[in-house]
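Working notes, structure below.
What follows is calculated from the coordinates using simple rules that are stated; it is not laboratory data. Not measured: the values here are computed from a predicted model. All Cβ positions, glycine included, derive from the backbone under ideal geometry; neighbour counts span all protein chains shown.
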Amino acid sequence: MSNGKARRVDYHPDEYIAGVGGVLRADEQGVYWMLCSLIMSEGHAIEQNERRISALCGIRPSDVRRIIEKLVTTGKISRQSDGKLFQKRAQSEVEKSLKRIQTASENGSNGGRPSKKNKLNQRNEQEGGFSNEKLTTNHQPPTTNHQPILEEDKSSSFGQSIEDEFENSFWPRYPRKAAKGAALRAFKAVRKKHELARILEGADRYASERKGQDPKYTKQPASWLNGLCWLDEPSSQTVVSDDWRSDPVYAGVE
């Protein structure tokens, strides 16, 4: 694990929103982001110093302790055998940043020219049309709500796996708890091509539509996912309440 210090890292807002939106409260999000920032700033796992974190977040140490335990339990933060706190995605962003710095430094020592190894690859490419090495680029296209998460991206929202997304974000908000195994398989399949935020928005909308209705007519979660039902137009029978407490987005808020 790298111990370097990265001054700047990539940030993917859509993935962060999809991972914590509707899952963590505001104070929990603040502690979570502060922990990730400290890990990225120091370049390695950090001590669970509750007084330090409480001073940075402006909350009591006992609240910090409670929130950290929740973050560890839900898989947002990992606790190593030595008790230090670690976040896989945060560390990955640090290592990518340090690699870019190292590459820029190596090119700079050559007066901005590529290394001998790169020159050899360029010569082979000219002679045979192919390079011995896979081409890489530091360009990171911006994420938007229209870009699907690729299949090979096995995690999102700072290390949250697709199984975690299902367990922590989709399953709690879907209005019918049935055939969980089939639902998980369907969820994994649709997440290869569709964004989590759109799926969760649709699940919230469907839960609102089914509120007070006969549950036996509520779709099985696997059927709802396989049918891409979050793309359906909102039901004309949906009743919009003026009472914000009835909105599932504000569940638990007094």
Checklist outcome for this item: Which of 96/180; 70/193; 88/219; 96/192 exceed 26 Å between C-alpha atoms? The answer is 96/180; 70/193; 88/219
Item to check | Gain in span if fully extended, residue 229 to residue 52, counting 0.36 nm per residue against the direct Cα distance | outcome: 59.1 nm
Checklist entry - In units of 2.2 N^0.38 Å, what is the alpha-carbon radius of gyration of segment 1-106? => result 1.10
Checklist entry - When the chain is fully extended, how far beyond the present Cα-Cα distance does residue 104 get from residue 72, taking 0.36 nm per residue of separation? => result 7.9 nm
Checklist entry - Using the per-residue mean of other Cβ atoms lying within 10 Å as a proxy for protection, in what order, highest first, do the peptides 208-220, 53-65, 90-102 fall? => result 90-102, 53-65, 208-220
Next on the checklist: Quick one: the Cα spread of segment 48-92 along its three principal axes, in angstroms, biggest first?
Outcome noted: 28, 19, 18
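Fully extended, how many nm does the chain gain between residue 95 and residue 10 (0.36 nm per residue separation, minus their Cα-Cα distance)?
Values: separation 85, 0.36 × 85 = 30.60 nm, distance 1.10 nm.
Using 0.36 nm per residue and subtracting the Cα-Cα distance, I get 29.5 nm.
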